[in-house]
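Taking it in order: structure first as structure tokens, then the write-up.
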Amino acid sequence: MILRHARDDSGTPLENTWLHPGDVERGPVITSIADVNSLTPASSSGDSSPDAAHAGRMGGQDRPRVGMVGGGQLARMTAAPAAALGIDLSVLATSADESAAQVARRVVLGRHDDLRALDELATACDVMTFDHEHVPPSMLEQLRARGVHVRPGPEALRHAQDKWHMRQALTTMGAPVPAWARVARSADVALFAEQHGWPVVLKVSRGGYDGRGVWVVEDESRAAVIMQETPLAESAVWLVEEYLPFDIEISAQVARSPHGQAVAYPVVRTVQVEGMCAEVIAPAPGLDPDLAVQATDLALRIARELDVIGMLAVELFVVSGRIVVNELAMRPHNSGHWSIEGAVTSQFENHLRAVLDWPLGDPVAIAPYTVMVNVIGPEGPIPPLHDAFRHVMARDPGLHVHLYGKSIRPRRKLGHVTVVGDNLDELLARAHHGADYLMGVVDE
Ligand code: AIR
């Protein structure tokens, strides 16, 4: 294990921080937009400055108030450490049935691309943060101009919202990225493939996640069909990238706060199926320690140079002994779910601490290995998850099962299973068995 001191932005080591390669409050307050109008507006001024450090007091409330845009599983899992830390977590969700709306202290009903709804969330919180990347940048700018503490800020977030901005910024800073180009038509894709070979990876710059908006393309005619049939979201562009025959995929996660404190989690191995995270092993078994250090240093550098506040996940390929950046996410990330039980401080708690500019928690792993396997909606029908849950609990009392309270749809992330210990093969078998049972793949 590599143990180093975290550094602030000037490179000065920070004391009591570490680098290493819940209970949910019940009784949600469902708030219509009109009801929220009666709440005290948050006082605020600009953002990511150390002056905004004591965000918990900014609204004149005793309890710090964090607002999260999005009602998915990431906001839901943030609600548990929020309860433990005495933080009032509000979420902006489209319905009271959404995953996080079932458990958050307060729910503002509305869409993430409705400025009025975002404004109402802002009045209910001291700091606004995100469980997805889909808020239009122009709205983030407007919120910021009105003094809302948006963390991460719009300038940072656009690198996670738009793969074109991300590729440009990483290329400028000299970070390792695949060969890439912006393209407008299938002939441009073919030109790129002449240099880099088929297949290529075709991507929509904005709006995709969990494998949506990404295609491995074998020839020009297929590229033409995809580009014709896929409507581009507002301000989105097409990108083409070289297809890298990677050895493994890894993820380096860091948390960074406005005053520049940063901590790094152990680098994990991820296994993706159809572009979707399926399995995570922390730390990445067999990863060359030098590559783990390079990945960690790169993630810290990206967080600093892009002024990320909160959690940053840098998804990387390991290709023939080198690392190459695939994607960035500026929020809690699937590759960090293992940290709920497997680390001293989970990614969800550190995201909250970071956006509130509180001292960050220790990201160190508590055991030699933690394995996390996703429960993903299968194609066919499955029995109710909580019935299966009882069998899984009884069979292996050491498993941690998380269910997100979502309706079941094919390819939808419905939950995950985590197990912590020291025998990796055994942990993999146990975690996969639990997830497979829940997904109806095995029945005993
Ligand atoms: N999410 C955000 N970006 C990627 C992912 N997986 C999480 C967020 C979001 C939820 O997935 O928590 O709210 C959306 O899931 P679904 O199943 O409703 O599409």
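Which of the strands (runs of 3 or more DSSP E) found entirely inside segment 230-347 contain at least 2 residues meeting this: within 15 Å of the ligand (Cβ to nearest atom), surrounded by fewer than 24 Cβ atoms within 10 Å (Cβ to Cβ) and not aliphatic (A, V, I, L, M)? Before the answer, list the steps.
Values: elements: 238-242, 248-256, 262-264, 268-273, 276-282, 310-319, 322-329.
Passing ranges, in order: 268-273, 322-329.
Under the condition of being within 12 Å of the ligand (Cβ to nearest atom) and in a helix (DSSP H, G or I), the residues counted in segment 66-90 number 7. Annotation note: of ALA187, ALA160, ALA117, the sole residue that is over 19 Å from ARG304 (Cα atoms) and within 16 Å of the ligand (Cβ to nearest atom) is ALA117. Quickly run through segment 166-192 and pick out the residues that are among the β-branched types (Val, Ile, Thr), surrounded by 15 or more Cβ atoms within 10 Å (Cβ to Cβ) and more than 13 Å from TRP238 (Cα to Cα). VAL177 - this is the single residue of segment 166-192 that is among the β-branched types (Val, Ile, Thr), surrounded by 15 or more Cβ atoms within 10 Å (Cβ to Cβ) and more than 13 Å from TRP238 (Cα to Cα). Taking the criterion of being assigned to a loop (DSSP other than H, G, I, E, B), more than 9 Å from the ligand (Cβ to nearest atom) and hydrophobic (A, V, I, L, M, F, W, C), the residues of segment 91-114 that qualify are ALA96, ALA101, VAL103, ALA104. In summary, ILE382 fulfils each of the numbered conditions (1) within 16 Å of the ligand (Cβ to nearest atom); (2) touching a helix residue (DSSP H, G or I) at 6+ places or on another chain (Cβ under 7 Å) with the single exception of condition (2).
Yes/no matrix, rows are residues, columns are (1) in a loop (DSSP other than H, G, I, E, B); (2) hydroxyl-bearing (Ser, Thr, Tyr); (3) in the same structural domain as THR129 (by TED's automatic domain parsing):
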residue: PRO359; (1), (2), (3): yes, no, no
residue: THR370; (1), (2), (3): no, yes, no
residue: VAL401; (1), (2), (3): no, no, no
residue: GLY405; (1), (2), (3): yes, no, no
residue: GLY415; (1), (2), (3): no, no, no
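Looking only at residues in segment 208-229 that are surrounded by fewer than 16 Cβ atoms within 10 Å (Cβ to Cβ) and in a loop (DSSP other than H, G, I, E, B), the one that is nearest to the ligand (Cβ to nearest atom) is TYR209.
With respect to the conditions (1) assigned to a helix (DSSP H, G or I); (2) within 16 Å of the ligand (Cβ to nearest atom); (3) touching a His at 6+ places or on another chain (Cβ under 6 Å), HIS134 falls short on a single one, namely (1).
The values are calculated or read from the model by the stated rules, or taken from the named source; none is laboratory data. Note that the structure is predicted; figures quoted are calculated from it, not measured. Ideal geometry is used to build each Cβ from the backbone, glycine not excepted, and the neighbour counts take in all protein chains shown.
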